[in-house]
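Take a look at the structure below.
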Amino acid sequence: MLSTSPRHVTPVVMQHVEEAAVLRSTRTTLVKAPHVKLHHLRRLDNRLIAHLDGIAVAGEYGAHLGEAALASPGAGEVFVSAVGAIESNHISHLHKLFSLAEAIPEAQPGLLSAFGWVSAQHLQGITKELLASANPLRRMVGIAACAMHRLDPGRALDAALSDPDPALRARALRAAGQLGRRDLLAASVNLLSDEDARCRFRAAWSAVLLGERASAVEALVASIHAPGPFRDRALQLTLKLLDGAAAHALLKQLARDQKEIRALIRGSGISGNPAFVPWLIKQMGDDKLARIAGESFSLITGTDLAWLDLERKPPENFESGPNDDPNDDDVGMDEDDGLPWPDSARVQAWWDGNSHLFDSKMRYFMGAAVTMEHCITVLKEGYQRQRIAAAEYLCLLHPGTILFNTAAPAWRQQRWLAKMA
């Protein structure tokens, strides 16, 4: 029988549940944000820990309120309930959460992120059971849990690559690249022609991280020229690989279509070619393109526009993200939110005084050559988008390197970085 909690405690525990769910959703945005560094993420994670601890301290009553929140099962609510179930080894409730995730796919990210959040010690028996399950979703979560903690699931991963379920195959392919499993390179290449688009992209992505530089690159280029959700990621990874001439040729193809202007600006920064800097500065005069042009400028030069006072105030009446106008069909988030507004005149003056430091024949990433040491520095000090790029570069420099998880809990990332140093 459920123990009764004093009335004055109920609102406090409910607030812990609600705030933890909100913070988990906020975190999903911040781990990909252009204005968030690791220490910012650590502050949010500390707040999330405090709320989860508050639920755990409430014991059975806290677990009950976490389950009650599943009446509206968003990813945040599922995350909170799953963390509690995993850490308390409440297997029967965990089974209910898997059933919920199967019935409501939108809740699956919350379940997955809970397995990435908890410490590995809480997963040992649970993950073993998941990997041995006949259920594709459970096996997928088991493989994802291992990959998020950068632990090799072994033969379970090998078997999943040939599973009939496309979601499981795609997650297994992704894990092969994340874990640096070069023994699975041939299997990844074989799946470049998979009937499922997710699998084809993940096969190419992992094959490239594992060292393939022919058919997998061709598959990524094909993804760039085909509509779909993988275009941007395919473009970013491809441009990290191509030499200057090949990258320039690909960007020229994008330049033929004005609708591709944002991809062209982003790609110019990823290419690392300082010859594109004057053109990027010109784009800073357009309010719609100014911030992404500034981000690409920084990606090449390593400059922090705000720190160097190279920014300006936002334009008047500017609104970031969806607004309250019921007649406005644009409800998407502003992907440039958090980026500084570059002052093109000040940026031009900076470039005039510093352009001699950059060699047009060299690829730059955050103001320096792409080396292991520099990428580790960016992982320690850079913003999240820059850190994601640095993690991929480390794998491209040395295929078989485990991909650094820039979305892991901040304290875990800091521990990993201390070992890398």
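What follows draws every value from the coordinates through simple rules; no lab data is involved. Just so it is clear, the structure is predicted and the values come from calculations on it, not from any experiment. Neighbour counts run over all protein chains shown; Cβ positions are idealised from the backbone, glycine included.
Working value for segment 161-203: equivalent-ellipsoid semi-axes of 15, 10, 8 Å, each the square root of 5 times a Cα gyration tensor eigenvalue, largest first.
Using only the alpha carbons of segment 64-161, what is the convex hull's orientation-averaged projected area in square nanometres? Its Cα hull, projected and averaged over all orientations, spans 5.7 nm². Loop-located chymotrypsin sites (Phe, Trp or Tyr not before Pro) in segment 280-319 (DSSP state not H, G, I, E or B) with no more than 15 neighbouring Cβ atoms inside 10 Å: TRP307, PHE318.
Using Cβ point charges alone (K and R +1, D and E -1), the dipole size of segment 37-155 about the Cα centre works out to roughly 460 debye. In this structure, the amide hydrogen of PHE365, modeled 1.01 Å from its nitrogen in the peptide plane, lies closer than 5 angstrom to those of VAL370, counting only residues at least 5 positions away or on a different chain. The lysines within cross-link reach of LYS96, meaning a Cα-to-Cα straight distance under 26 Å and a gap of 8 or more places when in the same chain, are LYS128. The helix-based estimate of mean residue ellipticity at 222 nm for the chain, built from -39,500 (n - 2.57) per DSSP H run of four or more residues and divided by its residue count, is -18500 deg cm²/dmol to the nearest 500. Rounded to whole numbers, the Karplus 3J(HN,Hα) couplings from phi for segment 252-262 are 5, 5, 5, 5, 6, 10, 4, 5, 9, 4, 5 Hz, using 6.51 cos²θ - 1.76 cosθ + 1.60 with θ = phi - 60°, and x at Gly and Pro. Each 10 Å bin from zero up to the one holding the largest Cα-Cα distance in segment 151-279 carries the following percent of pairs: 13, 42, 28, 14, 3, 0. Rg and Dmax of the chain, both derived from C-alpha coordinates alone, stand at 22.8, 75 Å. Amide H to amide H, with H built 1.01 Å from N, TRP341 comes under 5 Å of ARG312, counting only residues 5 or more places away or on other chains. Of the two radii for segment 89-214, the radius of gyration is 0.97 times the Kirkwood radius, both from the alpha carbons; that is the Rg over Rh value.
For segment 264-271, backbone phi angles converted through the Karplus equation (6.51, -1.76, 1.60; θ = phi - 60°) give residue-by-residue couplings of 5, 5, 4, x, 4, x, 5, 4 Hz, Gly and Pro being listed as x. The phi-based Karplus calculation (6.51 cos²θ - 1.76 cosθ + 1.60; θ = phi - 60°) puts the 3J(HN,Hα) values of segment 347-359 at 5, 4, 5, 4, 5, 4, x, 10, 4, 5, 7, 10, 9 Hz, whole numbers, x for Gly and Pro. Between helix 372-381 and the chain there is an angle of about 60 degrees, using the helix long axis and the longest principal axis of the Cα atoms.
When the pairs LYS32/LYS259; LYS240/LYS282; LYS259/LYS288; LYS37/LYS240; LYS380/LYS419; LYS37/LYS380 are compared against a 19 Å limit on Cα-Cα distance, LYS32/LYS259; LYS240/LYS282; LYS37/LYS240 fall above it. Computed on the Cα trace of segment 10-95, the radius of gyration divided by the Kirkwood hydrodynamic radius gives Rg/Rh = 1.00.
With the convex hull of its Cα atoms as the shape, segment 381-421 has an orientation-averaged projected area of 2.9 nm².
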